[in-house]
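Working notes, structure below.
The values are calculated or read from the model by the stated rules, or taken from the named source; none is laboratory data. All values derive from a computational prediction rather than experimental measurement. No Cβ is skipped: glycine too gets one built from the backbone with ideal geometry, and neighbour counts run over all protein chains shown.
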Amino acid sequence: MSLVVRTWGEFPNFNPATDRNIRCQCGKCGEPLVSLDFMRILQRGRTKHRRPANITSGCRCKAHNTAVKGAKNSDHLYDPKGKRLTCGFDIAFVFSSADKVFTGQLKQARDDSARWILLIALLDTTTNNTPIVAFLRDYTISGINRIGVSYKRNFVHLGVNEQNPANVCWFY
Ligand SMILES: [Zn+2]
Ligand SMILES: [Zn+2]
């Protein structure tokens, strides 16, 4: 039921004409094939958050996903037929030490599902006002349910994927 985005007019903050990383960066296909439902969730989060979302990695064809060593079932892989709500983008996020204090609490969780539950509980109760809290709160409330955190490469993966588990959080 999920369709591919054909026109970008309903997304004031995202457009492959200006955000080149929305398109596959393999240098060949250049496809911006992305699930309409995913983009609506992402835009909802962006509107709520009111801060730039700088995409560092968007759609990938199979060849490019392999080239960048993406997971075999990566959220970034696009579905050429657009039948699945399947996508994920990496958004630039520079972690301050206060951000790491918040996310560091998630490292004790035993697996990705337990980490998600802990994340949502912490977002509900924390008094830490550091930027990552607002970021994760705004996007998870909007429907993002797969979160990956990379301190090393300064990004947060935001995904929704009908083929992969929902409500999971991991570190790279
Ligand atoms: Zn490609
Ligand atoms: Zn990603």
Residues of the stretch 69-128 being outside any helix (DSSP H, G or I), among the small types (G, A, S) and farther than 30 Å from C26 by Cα, which ones? S96, A109
D99: passes all of (1) within 16 Å of ligand 2 (Cβ to nearest atom); (2) within 20 Å of T140 (Cβ to Cβ) but (1)
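Would you tally the residues in the stretch 1-13 being free of Cβ contacts under 8 Å to residues at least 40 places away in the same chain and either surrounded by 21 or more Cβ atoms within 10 Å (Cβ to Cβ) or polar (S, T, N, Q) (or both)?
Just the residues of the stretch 1-13 that are free of Cβ contacts under 8 Å to residues at least 40 places away in the same chain, to begin with: 5-12.
With either surrounded by 21 or more Cβ atoms within 10 Å (Cβ to Cβ) or polar (S, T, N, Q) (or both) added as a condition, the list becomes 5, 7.
Residues meeting the conditions: 2.
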Would you say V101 is within 15 Å of ligand 1 (Cβ to nearest atom), within 20 Å of I147 (Cβ to Cβ) and modelled with pLDDT of 90 or more? no
Test L42 against the criterion of being in contact with a Phe, Trp or Tyr (Cβ under 6 Å, 6 or more places away or on another chain), under 21 Å from R146 (Cα atoms) and outside any strand (DSSP E or B), and give yes or no. no
Within the stretch 46-69, the residues that are within 15 Å of ligand 2 (Cβ to nearest atom) and under 18 Å from A92 (Cα atoms) are A53, N54, I55, T56, S57, G58, C59, R60, V68
Out of all the residues in the stretch 97-152, which are under 18 Å from K48 (Cβ atoms), loosely packed, with under 13 Cβ neighbours inside 10 Å and polar (S, T, N, Q)? N129
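Yes or no: I55 surrounded by fewer than 17 Cβ atoms within 10 Å (Cβ to Cβ), at pLDDT 90 or above and within 19 Å of V156 (Cβ to Cβ)?
So I55 fails the test.
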Residues satisfying the stated conditions in the stretch 1-19, i.e. in contact with a strand residue (DSSP E or B) (Cβ under 9 Å, 6 or more places away or on another chain) and either under 17 Å from N145 (Cβ atoms) or basic (K, R) (or both): S2
Condition check for D75: among the acidic types (D, E), within 16 Å of ligand 1 (Cβ to nearest atom) and either under 15 Å from the mean Cα position of the chain (by Cα) or within 19 Å of I147 (Cα to Cα) (or both): yes
With criteria (1) surrounded by fewer than 18 Cβ atoms within 10 Å (Cβ to Cβ); (2) part of a strand (DSSP E or B), T47 comes up short on (2)
